[in-house]
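What follows is one structure encoded as structure tokens, with my remarks underneath.
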Amino acid sequence: MSASVVIIGAGQAGGQAAVSLRQFGFEGEIHLVGEEAAPPYQRPPLSKDYLKGKLERERLYLKPREFYADNAITLHTDARVARIDRDEKSVVLESGESLNYTKLIIATGSRPRPLPLPGADLDQVFDLRTLADIDALKPAMVAGKRLLIVGAGYIGLEAAAVARELGLEVTVLEMAERVLARVTSTVMSDFYQALHESHGAAIRTGIRLSSLKGEGAVTHGVLADGEEIPCDLVLVGIGILPNEELAVGAGIACKNGILVDRDTRTNDGDIYAIGDCAHRPLVHYGRDGRLESVHNAIEQGKIAAAHIVGKDRPAEDVPWFWSDQYNIKLQIAGLSQGYDEVVVRGDPANESFAVFYFADGKFISVDAVNAPAEFLSAKRLIAADAALTPADVADESVSMKDIMKTALAR
């Protein structure tokens, strides 16, 4: 069989893998299989500028549609994979078509965690994941309408910011005692709750939703204590689940995602997994985990392509993320899970500050709010495993540039 790579999943990770294969000199067949009608596109702008109507659909695309034909990449859209046949080294589509592979890349991404409550299937209840989701939501985002958001993570809060800018009335419900409780510190939670409340959003924490109510379309959210919150539409943002079912069905090892090594290979040496669906080594932290980010999708797409063509593994960057809400740009470097000490540099009241996280005295992460110097310095320090101390960043009389130089020299 001549060399052929099949990529299941035409999102950011799968699209990057296809592009990188050609850039790295792969000359065999490439099949890029996606369930959606669109070619690979960016997801972050969907719930921001695209929802606001400030970004045209074509500007979401990672590459123009004609790019794939011009580079001999066969793009299968509206195509769903039924199963992976490892014995025959083929991918079987629901249409019955089979695609043979010498190497297979699974880039199936993730899906929204479903709301496990009565009424979740009512009309005007939306997820925020795909282009189709946003296209369905857009007509409902009308000034004066009442929006109920379930979940105060980054997705829910970003949607709340856009909705307030569009003039909707917004209520956010969160089961935890604070917003962003699973991903950040109380400093950041307090800042973001105050930010949203200052823009007119109602944030209710420690609240359990018991059901959604309505005749055909949703009209109320019902809380566990019986209180009813009137609403015209509901957005659900309670997390995502990795799409690992095809891998499980093929006997590929999974654990909250598809288990891969540093080269993105699964326990089958001819099968790779990348992006949201992959459970990968986190080399800067000495453990494994999933990363849900654009950075991770691009990086793993390049790593898989490089391994397939026999090139050296591209550098593995420090995990980084961002969130835009109102006039606030949050940039995150590293992973803060397991922190036991927090140092705040700057004043949250001025909407420009950074929260540095330490575990057993070791610097592990930063949340930088309108503070690009802190973000960039922190990213470099984590990559270098530099000996930054809490006392270093607490001294605001010393510039971040000088703090970084000192820590790197130790």
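Listed values, structure above:
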{"item": "Close pairs (6 angstrom Cβ cut-off, 6 or more residues apart or separate chains): under 10 Å from VAL218 (Cβ atoms) in the range 119-133, assigned to a loop (DSSP other than H, G, I, E, B) anywhere", "result": "LEU122/GLY214; LEU122/VAL218; ASP123/GLY216; GLN124/VAL218; VAL125/VAL218"}
{"item": "Residue in the range 181-192 that is modelled with pLDDT under 95 and among the basic types (Lys, Arg) present", "result": "yes"}
{"item": "Filtered residues of the range 43-56 (kept if surrounded by 12 or more Cβ atoms within 10 Å (Cβ to Cβ) and either in contact (Cβ under 8 Å) with a residue 40 or more places away in the chain or among the polar types (S, T, N, Q) (or both))", "result": "ARG43, PRO44, LEU46, SER47, LYS48, TYR50, LEU51, LYS52"}
{"item": "Filter result for ASP268 (in contact (Cβ under 8 Å) with a residue 24 or more places away in the chain, in a loop (DSSP other than H, G, I, E, B), among the charged types (D, E, K, R) and outside the structural domain of ALA18 (by TED's automatic domain parsing))", "result": "no"}
{"item": "Criterion: of a type in the set (A, V, I, L, M, F, W, C), touching a strand residue (DSSP E or B) at 6+ places or on another chain (Cβ under 9 Å) and loosely packed, with under 12 Cβ neighbours inside 10 Å - qualifying residue of ALA69, ALA82", "result": "ALA69"}
{"item": "Subset of the range 27-42 (residues that are surrounded by fewer than 20 Cβ atoms within 10 Å (Cβ to Cβ) and under 17 Å from GLY15 (Cβ atoms))", "result": "GLU29, GLU35, GLU36, ALA37, ALA38, GLN42"}
{"item": "Residues located in the range 100-116, provided they are out of contact with any Leu (no Cβ under 7 Å at 6 or more places or on another chain), under 24 Å from TYR41 (Cα atoms) and surrounded by 15 or more Cβ atoms within 10 Å (Cβ to Cβ)", "result": "LYS103, LEU104, ILE105, ALA107, GLY109, PRO112"}
{"item": "Within the range 298-358, strands (runs of 3 or more DSSP E) holding 3 or more residues that are within 30 Å of ARG22 (Cα to Cα) and modelled with pLDDT of 95 or more", "result": "320-325"}
{"item": "Filter result (over 21 Å from VAL92 (Cα atoms) and either touching an Asp or Glu at 6+ places or on another chain (Cβ under 6 Å) or among the small types (Gly, Ala, Ser) (or both)) within the range 14-37", "result": "SER20, GLY25"}
{"item": "Residue list for the range 188-213, filter: farther than 21 Å from VAL234 by Cβ, exposed (fewer than 15 other Cβ atoms within 10 Å of the Cβ) and of a type outside the set (D, E, K, R)", "result": "ALA194, SER198"}
{"item": "Any hit, the range 279-289, residues being touching a helix residue (DSSP H, G or I) at 6+ places or on another chain (Cβ under 6 Å), among the aliphatic types (A, V, I, L, M) and not in a helix (DSSP H, G or I)", "result": "no"}
{"item": "Selection from the range 281-324 of residues that are out of contact with any Leu (no Cβ under 6 Å at 6 or more places or on another chain) and among the polar types (S, T, N, Q)", "result": "SER293, ASN296, GLN300"}
{"item": "Test: residue in the range 135-158 that is surrounded by 22 or more Cβ atoms within 10 Å (Cβ to Cβ), at pLDDT below 95 and among the aliphatic types (A, V, I, L, M)", "result": "yes"}
{"item": "Strands (runs of 3 or more DSSP E) wholly inside the range 1-109 containing at least 3 residues that are under 30 Å from ASP127 (Cα atoms)", "result": "4-8, 29-33, 73-76, 81-85, 90-93, 103-106"}
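The values are calculated or read from the model by the stated rules, or taken from the named source; none is laboratory data. Note that the structure is predicted; figures quoted are calculated from it, not measured. In this analysis, Cβ positions are derived from the backbone assuming ideal geometry, glycine residues included, and neighbour counts consider all displayed protein chains.
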